[in-house]
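As structure tokens, the structure follows; a few thoughts come after it.
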């Protein structure tokens, strides 16, 4: 697989993915699926306009939407609002491959009616969505598996048409989840682990086709519609965790490998921590854990200035990956000392043993048990702040989505970014990543934090 350095943003296709605004069926808590009776509410139209404000300054080369009217109108409002800006967007093109999940037996029913009429199927839908099967006139129909295949077909059709371009895609909760999953290698069993709020914005960066590297730059940003963090799902009774990466260091800025060398924040890193503090000032935080290294510890301490009642705990298992003999070196020095190894790290990180340091399995073996222990120790309906490092946070993201170390580079974690994880069914249930790599408090929808060495 050819490597494109997504961390350095040498990309080919950027996709900005938006879910439609609030619809009448959303308000009535009815299953929509492919039924086209639901339309945008006034609140839905208002948040579509807010999406356009958030996207100002981004030049779009194409706009695609689902043909169902709730998504189609959302796209049309966004395009209309961008018409008089410096970067007007082209007309939206409806495409059938963006239709919502097909749930023929449930569509039009209220969620409570489905639970009462189809209790076993609804339980399977919540616990094992990829195994849900509906009998139709055409035979067995597996809605989630079919939608995954549909999402793959969309990417196969669209990506080759837009090299070196930025496109906007406006669709639905289910198909957006599957677009994210199929791009990132996440299985259909994790369908419910991805949140897509009405008018939430996600950003994907592609190096080519689905066979090439893909990066989730951010997921389900909602601050532009008045929600700094997405609201927990109805019935949520478990813990919420806020995963933050430390602020910038001078070595981040210079792209110098830090690993476990204890480099402090630079002035910009302290400013990022202060911006994260202000962003989270009115957000509930009940406990906090950090790596003991200076850069995450100081980031956590600055954030907790707005929550002085919270005591910071330190966990050595959250320390950054040990780069061994790479630490303190620039890429050119590593290539000279260990020819070819840096390229291997970039293209197949799970195969690399750092000289006199760790490999990614070592990172998994200490960080994932530490993460699970934090989750279990966080009481229901409380929020824990966890401040870590790039490699640690990426390992946690892979774990949450059920993928291995080979997907390490799929998940962006910018300096000072916030990721939101809920456990709606308690610590033993599957997690829901409500939002990933929020950097809106650092300067906009797109992540403009330092790229490069860990």
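Taking square-rooted eigenvalues a ≥ b ≥ c of the alpha carbon gyration tensor, is the chain rounded, prolate or oblate, where a/c under 1.5 means rounded and, failing that, a/b exceeding b/c means prolate?
Details: a/c = 1.60, a/b = 1.44, b/c = 1.11.
Because a/c hits 1.5 or more and a/b exceeds b/c, the chain counts as prolate.
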query: By how many degrees, between 0 and 90 and to the nearest 10, does the Cα long axis of helix 42-55 differ from the longest principal axis of the chain?
result: 40
- line: Expected unfolding gain across residue 115-residue 91 under the 0.36 nm per residue rule, minus the alpha-carbon gap, is 4.6 nm
Angle between the chain longest axis and helix 267-279 axis [Cα atoms, degrees, rounded to 10]: 40
task: Round to the nearest 0.05 the FRET efficiency obtained for residue 286 and residue 12 when R0 = 45 Å and r is the Cβ-Cβ distance.
output: 0.55
Rounded Å value of the spacing that divides the Cα centres of the range 221-290 and the range 313-353: 24
task: Of the DSSP beta bridges with both residues in the range 240-442, give the percent that are antiparallel, rounding to the nearest 5.
output: 50
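What shape does the range 239-319 have by the C-alpha gyration tensor, where a ≥ b ≥ c are the square roots of the eigenvalues, rounded means a/c under 1.5, and otherwise prolate means a/b greater than b/c and oblate the rest?
Cα axes put the range 239-319 in the oblate bin.
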- line: Calculated from DSSP helices alone, with each H run of at least 4 adding -39500 (n - 2.57) and the total divided by the residues of the chain, [θ]222 nm to the nearest 500 comes to -9500 deg cm²/dmol
- prompt: If you rank 12, 439, 299, 311 by fewest surrounding Cβ atoms within 10 Å, what's the result?
  reply: 311, 12, 439, 299
- request: Would you mind telling me the antiparallel percentage of the DSSP bridges in the chain, rounded to 5?
  value: 50
- request: Go through 219-230, 157-168 and give me the packing order, highest mean Cβ count within 10 Å leading.
  value: 219-230, 157-168
Within the range 18-170, percent of DSSP bridges classed antiparallel, to nearest 5: 40
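Subtracting the Cα-Cα distance from 0.36 nm times the residue separation, let me have the gained length for residue 336 to residue 316 in nm, one decimal.
Details: separation 20, 0.36 × 20 = 7.20 nm, distance 3.18 nm.
Once the chain is fully extended between residue 336 and residue 316, it gains 4.0 nm.
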- prompt: Cα axis of helix 360-377 to longest principal axis of the chain: angle in degrees, 0 to 90, nearest 10?
  reply: 70
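What ranking do 332, 218, 287 get, fewest neighbouring Cβ atoms within 10 angstrom at the top?
Ascending number of Cβ neighbours within 10 Å: 332, 287, 218.
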statement: Put in order of increasing Cβ neighbours within 10 Å, starting from the fewest, 199, 133 give 133, 199
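Computed from the coordinates by the stated procedures, all read-outs in this text should not be read as laboratory data. Every value quoted in this text rests on a predicted model; they were computed, and no experiment measured them. Note: ideal-geometry Cβ built from the backbone for every residue, glycine included; neighbour counts use all protein chains shown.
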